[in-house]
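Please read the structure below before turning to the comments.
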């Protein structure tokens, strides 16, 4: 069963680097191992760049192992230099503590912490880093790291040209100490992370060897890239967050459904728990009927369900269908707001009725009354999904969705929301 887990990870392209694969496979076959991954609280939510390691923890738990999600309540006060060309801004202890609690709540959506014979664990490294005194830390831990060893790590070497503070330079030792602490107290024998964490992970392995030894392994996952060269996890409106209040379920769904044909099979392997047979069937469907976008729809459904639940999938698909067909009257108030939250919105006083031409100009759906007339007469203007072709048309209170919204559409894709108050 466990060897199959490693084989599945490799099939999915989720193994970038690994120490002693065969020894790890033997250990996983022989016993339930404890493994961990760390997440520093650099914001009040994780984004989809963290989804790969989160789902890796879930894969190990589903295979029968014990997963530890470590939130960096301590290291988040320092700042990881990995993957950055400049120093991070330091956040206050109160801010980091709030973000730590937010991340704990998010991680609990993906892992089972009770009701199973291999419950996951959630820890914060603030609990063991904060009590350390500087002299003991330097004597007991720092003595095991030479400056030459640390300078050779990519996370440090890449920063030397622009400069790196002693604070961030020390980050590697703190993360290595995390691994040692979890190894000593929880019998943790595997750390996983992104490819930029390889130096920190191997530093932990070295420290474990110098402070008592024992079985310990490391594994990294690849950096997620898009075939068009654009950065993964970004949309026109910014980062794609796992917090529904920062990125709505509809926006989240749309991000995945817009995946390029060249990326969709790779992302199905990375971000879903579909079987190899199911993925291969979708790959065949993509090759034979790419215009149907079946693979993209399945990707959007699966990842949205994982992050936000099945109800969010249903709502996102309802919104998608309503916008495609123009039948926005079918949407609930919350779905309407979610669907159009990125669209231009105009707030107007709640009068009795408004001429359509004036409404188009007020909502900036038309730059002038003349253009508004031309758009109406050409059949390019829709009010709540209904085409209006009369320049004398008015929009009254009875046409307001949920008593206060009017959705204007000009052409096929240009939506404007008017809210009456």
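The calculated 222 nm mean residue ellipticity attributable to helices in the chain amounts to -13000 deg cm²/dmol, summing -39500 (n - 2.57) over DSSP H runs of n ≥ 4 and dividing by all residues. Residues 325, 155, ranked from the fewest to the most other C-beta atoms within 10 Å, line up as 325, 155.
Please rank 276, 297, fewest neighbouring Cβ atoms within 10 Å first, as an exposure proxy. All intermediate terms of the calculation are to be shown ahead of the outcome.
Values: 276 12, 297 17.
Going from least to most buried by this count: 276, 297.
Within the chain, DSSP assigns beta bridges of which about 50% are antiparallel (rounded to the nearest 5). Residues 415, 250, arranged from fewest to most other Cβ atoms within 10 angstrom of their Cβ, appear as 415, 250. Taking the stretch 385-421 and a reference point 7 angstrom along Cα→Cβ of residue 358, the backbone N atoms nearer than 14 Å belong to 392-397.
R0 = 22 Å: FRET efficiency of residue 314 with residue 223, Cβ-based, nearest 0.05? Intermediate results must be reported in sequence, preceding the final value.
On the way: r = 33 Å, r/R0 = 1.49.
So the FRET efficiency works out to roughly 0.10.
Centroid-to-centroid, using Cα positions, the stretch 344-421 and the stretch 154-210 are 58 Å apart. The order of the peptides 370-381, 260-271, 195-206 by mean Cβ neighbours within 10 Å, most packed first, is 195-206, 260-271, 370-381. For the chain, relative contact order (Cα pairs under 8 Å, six or more residues apart, normalised by length) works out to 14 percent. With both labels modelled 7 Å from their Cα along Cα-to-Cβ, the residue 348 to residue 258 distance reads 2.8 nm. Note on residue 89 and residue 210: the extension gain reaches 40.3 nm, defined as 0.36 nm multiplied by sequence separation minus the Cα-Cα distance.
Set the Förster radius R0 to 35 Å, insert the Cβ-Cβ distance between residue 393 and residue 334 as r into 1/(1 + (r/R0)^6), and round the FRET efficiency to 0.05. Can you show the working numbers first?
Values: r = 29 Å, r/R0 = 0.82.
E(calc), rounded to 0.05, equals 0.75.
With labels modelled as points extended 7 Å from the Cα through the Cβ direction, what inter-label distance (nm, one decimal) is found for residue 128 paired with residue 184? Modelled inter-label distance: 0.7 nm.
Where a number appears in this text, it was derived from the coordinates with a stated rule and is not lab data. Just so it is clear, the structure is predicted and the values come from calculations on it, not from any experiment. For neighbour counting, all protein chains shown are included, and Cβ atoms are generated from backbone atoms with ideal geometry for every residue, glycine included.
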